[in-house]
Amino acid sequence: MKTIDIDTRPFTDQKPGTSGLRKRVSVFQQPHYLENFVQSIFNTIGDLSGKTLVLGGDGRFYNLPAIQTILRMSSANGARSVIVGRDGLLSTPAASCVIRGREADGGIILSASHNPGGERGDFGIKFNASNGGPAPESLTERIYHESRHIASYRTLDTGAVDVAMGGSQDLNGMRVEVIDPVDDYAHLMEGLFDFNLIHQMFNSGHFRMRFDAMNAVTGPYATRILERMLGAEPGTVMNGVPLEDFGGLHPDPNLVYAKDLVEILYSKGGPDFGAAADGDGDRNMILGKRFFVTPSDSLAVMAANAHLLPGYRRGVRGIARSMPTSGAADRVAEALGVECFETPTGWKFFGNLLDEGRINLCGEESFGTGSDHVREKDGLWAVLFWLNMLAVKRAPVETIVRQHWRQFGRNYYSRHDYEGIPADAAQSMIEALRADVSGLEGKQIAGRAVAQGNDFEYTDPVDGSVTSRQGIRIIFEDGARIVFRLSGTGTEGATLRVYIESFEADPDRHDLETQAALSDLIDAAGEIGRIRHYTGRDEPSVIT
């Protein structure tokens, strides 16, 4: 086999979004497209000589061909070794775990997360740094700059590497180590949670759960940990075999796309606990019997009870949440006397805070929760956290959440997604809001006085970097909020996300239906944003 340099020309659309580069599979299948981006990563991070990389993905269509391409290019660019998950599988949190635990120099994760898969679906790629976390914006900008000027890439003229069997192989002087994708991660979880106590809860005969892996990468992890290690009954994990097209499911764990699980939990005689994870295993949904826990509430409840769990008995050092996430965790942080940070959307913004020890719990409203055990959000970790908490408190999910509301108050919260709208219309709407929002200060809207109107800007407290234009905020004097933001994870058109929040301290008013409790703010958001005018929609695509 020999190393070859292949001439190429730049593509203009390889700017990474919130979580790497995501496009339709057909875009990645273009000649040189994937290779250009991979070589841009290698050119940016510098000489690969002596370096070890981690490689894996969520098993979606094009995962295995992409892994072969990256292995050949890694060897041709001089890498010492690549650690790859068997069959090309590694959940995103597991990849972070392997990078950190095996002291690798970084990793390439192949996933489009919660986006649909299959030949006509989406594909994605991102680089994670040696701390196991997503590359910071400064690095992704340099990768994008490199992609705009690339003239050639380096690869090998050789056949495929067998990634179906464990063990080590040589690829032109580079060691390829194929590992069990679950082992490292399962070992880490054992050290964070009381597996014996959770096992006792499952064996008591009084506790049942269902976990929907959505035919995505978390299936093998959940089957090993929940059913084999913790003793949950066989069949607890549904849709547990990773499929290239996720079996036609949309692998986004919310009330709309995980409707089969929701129906099971809301059925007569349904299980006590339910959970789901997304395509690459970093997002989670938590359900009790006939009860949905919003991701914002989940983060707050976890923070308030972390001291009950083995891995967090030293307490919460600090909490961070993305700006659109509700302020429920803020009140927990205040009660605990710890810092609470409000960051832009994107897990990379938590990385500096985690590395500096300023926080050890963090979360986003988009069904992502995590801690300092890895540098990614972690769906199955969140499920295990809740299971351990349930085993300690010996109370139903709904009871735990309602007790939390009585102590801290309830943040009524909802996100309205308008998916697949024309990108130019979405951008026009945001620009109009950006121009007008400061003029709303002091005005009365929906019977509430506007305290602030701005476009969120974040100054990183660790490195001083500034990230601007992160979402239009209307903040009312009573703490209610309306936030408008364009998602950075879609591949077709644009997704407008509208976040609505209102705080209620009175326990007697904690039983309102969420959309009804927020109806005045929802109507106001439609009028302020002129949503129908710009989107042509009377209703959102998804409400969570």
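Placing +1 on the Cβ of every Lys and Arg and -1 on the Cβ of every Asp and Glu, with no other charges, gives the chain a dipole of roughly 440 debye about its Cα centre. Of the solvent-accessible surface of the stretch 7-58, computed with a 1.4 Å probe over protein heavy atoms with every protein chain present, carbon and sulfur atoms account for 46 percent.
Legend: calculated FRET efficiency, Ala435 to Leu308, from the Cβ-Cβ distance at R0 = 56 Å, rounded to 0.05, equals 0.70. Amide hydrogen proximity for Ala494: with H placed 1.01 Å from N in the peptide plane, the residues at 5 or more positions away or on another chain lying under 5 Å are Gly420, Ile421, Ala423. If you take the Cα centroid of the stretch 276-327 and the Cα centroid of the stretch 164-210, the two points sit 21 Å apart.
Sequence-ordered 3J(HN,Hα) estimates for the stretch 384-393 from the Karplus curve with 6.51, -1.76 and 1.60 and θ = phi - 60° stand at 5, 4, 5, 4, 5, 5, 5, 5, 6, 7 Hz, glycine and proline given as x. On full extension, the segment bounded by Thr158 and Asp245 gains 28.5 nm, given 0.36 nm per residue less the C-alpha separation.
Net charge dipole, the stretch 26-140: roughly 200 debye, given to the nearest 20, about the Cα centre with Cβ charges of +1 for Lys and Arg and -1 for Asp and Glu.
Reported to the nearest whole Å, the Cα centre-to-centre distance from the stretch 498-512 to the stretch 1-39 is 47. When the chain is described by a simple charge dipole with +1 on each Lys and Arg Cβ and -1 on each Asp and Glu Cβ, the residue from Thr52, Gly420, Gly133 located farthest towards its positive end is Thr52. Note on the chain: Rg/Rh from C-alpha atoms, Kirkwood Rh, equals 0.96. With a Förster radius of 41 Å applied to the beta-carbon distance between Ala395 and Arg102, the computed FRET efficiency rounds to 0.55. Taking all protein chains into account, the per residue accessible area for the chain stands at 38 Å² (1.4 Å probe).
Between Gln68 and Met165, the FRET efficiency from the beta-carbon distance, with R0 = 22 Å, is close to 0.90. If both residues of a DSSP beta bridge must be in the chain, then about 70% of such bridges are antiparallel.
Applying 0.36 nm per residue to the separation of Ser428 and Glu334 and subtracting their alpha-carbon distance, the gain on full extension is 30.0 nm.
Based solely on its DSSP helices, what 222 nm [θ] is calculated for the chain when runs of n ≥ 4 H residues each add -39,500 (n - 2.57) and the sum is averaged over all residues, nearest 500 deg cm²/dmol? My calculation for the chain gives -9000 deg cm²/dmol from helical runs alone. By its C-alpha gyration tensor, with a ≥ b ≥ c as the square roots of the eigenvalues, how is the stretch 197-286 shaped: rounded for a/c under 1.5, else prolate for a/b larger than b/c, else oblate? Taking the square roots of the gyration eigenvalues as a ≥ b ≥ c, the stretch 197-286 is oblate.
Surface composition of the stretch 332-419: carbon plus sulfur atoms contribute 38% of the solvent-accessible area (1.4 Å probe, protein chains only, all chains present).
The figure for Leu390 is an accessible area of roughly 10 square angstrom, using a 1.4 Å probe on the protein chains alone. Largest first, the residues Lys268, Lys393, Lys51, Lys377 sort by 1.4 Å accessible area into Lys268, Lys393, Lys51, Lys377.
The values are calculated or read from the model by the stated rules, or taken from the named source; none is laboratory data. Every value quoted in this text rests on a predicted model; they were computed, and no experiment measured them. A quick note on method: Cβ atoms are made from the backbone with ideal geometry, for glycine too, and the neighbour counts reach across all protein chains shown. Heads up: the accessible areas ignore ligands, DNA and RNA and are worked out on the full protein's heavy atoms, side chains in. Shrake-Rupley method; radii C 1.70, N 1.55, O 1.52, S 1.80 Å.
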